[in-house]
There are 2 protein chains.
Amino acid sequence: MDDSTWTIAEMAAQFSVTPRAVRHYEELGLIAPERRGTSRVFHNRDRVRLALILRGRRLGFSLDEIATIVNMYDAEPGESGQLAYLIDQIAVRRAELEQRRADIDQTLAELDELEQRCRAELAVLEGSPAP
Amino acid sequence: MDDSTWTIAEMAAQFSVTPRAVRHYEELGLIAPERRGTSRVFHNRDRVRLALILRGRRLGFSLDEIATIVNMYDAEPGESGQLAYLIDQIAVRRAELEQRRADIDQTLAELDELEQRCRAELAVLEGSPAP
DNA sequence: GTTGACGTTTACGTTAACGTCAAGGAGCAG
DNA sequence: CTGCTCCTTGACGTTAACGTAAACGTCAAC
């Protein structure tokens, strides 16, 4: 198992964010790095969570939503009601994500069409070039 | 061709946003409804653009980015340099969208796995139910 | 032993994307 | 004419997600 550790600056650099952003995520309870004295010490689990957070942000989720999502992952459910609720939440998230993927596919299709028209237009211009 | 028109409240209702949001999009130059006297009159082209805007928002784009995207669609290029630039921009957007789709697919896969574990756990609990 | 490079907390500033009044005009029902 | 409903334009408020600056600790290097 990988037991390397990182400082906040190293973490920030690896993910191309600022240390301030990382601290912000900690304030919101999205990550909980070890403390050695007063300093933060980041382990691999923290890296995994940070990756999850940033993926969520790229997908347009708010940090609050991301909090509920990442908390889904490490929930020690135990109880049957909790499990049912979790499965329910998974369905909700899945629906959202599939909606977004549909949006993406549609946009990509339109971009393709737009590019076709551009290339056609370009071909016409090449046919009768101006000085 | 569909030449119906709508008021701002109707538009807002159709897309489940507020009139204020629609006005905001107009302030930023994302839509330009007709004016009849002082009132706005929305045509089908405005509906199309509003749909584009909201799709962009669902995908996590800022209104500024959306502005450059929607302006790509109705650009009357004319010049060859403009066309090349446009094609370039399309490539940029496509790369972003494909990154996001990858994010989505990965997240969906992880949700699937999580759900499997939940159901397995549930099955265990059902095997030895508590009162 | 002090200089620098890093870390910390506290706290106020900034930007985007609207929300939320306030004050008023336009048209129509009674 | 009155009242109602829907529209308009300001203009200030709010929230999220950090940015930025201040003031201070700490540890290795010189």
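The values are calculated or read from the model by the stated rules, or taken from the named source; none is laboratory data. The structure displayed is predicted, hence computed values, not measured ones. Quick reminder, even Gly has a Cβ in these numbers, built from the backbone with ideal geometry, and neighbours come from all protein chains shown.
Across segment A:28-42, the number of residues qualifying as near DNA strand C (Cβ under 9 Å from one of its atoms), surrounded by 10 or more Cβ atoms within 10 Å (Cβ to Cβ) and in a loop (DSSP other than H, G, I, E, B) comes to 1. The residue list A:67, A:12, A:21, A:75 contains one member that is within 22 Å of residue B:100 (Cα to Cα) and more than 16 Å from DNA strand C (Cβ to nearest atom), which is A:67.
Checking the stated criteria, residue A:93 turns out not to satisfy the condition of being facing chain B (nearest Cβ under 8 Å), free of Cβ contacts under 8 Å to residues at least 12 places away in the same chain and closer than 19 Å to residue B:106 by Cα. Considering A:54, A:108, A:86, which residue is more than 23 Å from residue B:60 (Cα to Cα), of a type outside the set (Val, Ile, Thr), more than 16 Å from DNA strand C (Cβ to nearest atom) and in contact with a helix residue (DSSP H, G or I) (Cβ under 7 Å, 6 or more places away or on another chain)? Going through A:54, A:108, A:86 in turn, the sole match is A:86. Residue count for segment A:98-131 under the criterion of being in contact with an Asp or Glu (Cβ under 9 Å, 6 or more places away or on another chain) and at pLDDT 95 or above: the result is 3. Restricting attention to segment B:1-51, the residues being closer than 25 Å to residue A:62 by Cβ and among the acidic types (Asp, Glu) number 1. Among the residues of segment B:87-104, are any within 16 Å of DNA strand D (Cβ to nearest atom) and within 28 Å of residue A:55 (Cα to Cα)? Yes - at least one qualifying residue is present in segment B:87-104. Restricting to segment B:26-49, and then to whatever is touching a helix residue (DSSP H, G or I) at 6+ places or on another chain (Cβ under 6 Å) and not basic (Lys, Arg), can you tell me which residue is nearest to DNA strand D (Cβ to nearest atom)? Looking at the filtered set, the residue picked out is B:33.
Taking the listed residues A:64, A:88, A:46, the one that is out of contact with any strand residue (DSSP E or B) (no Cβ under 7 Å at 6 or more places or on another chain), exposed (fewer than 13 other Cβ atoms within 10 Å of the Cβ), in a helix (DSSP H, G or I) and more than 12 Å from every other protein chain (Cβ to nearest Cβ) is A:64, with no other qualifying.
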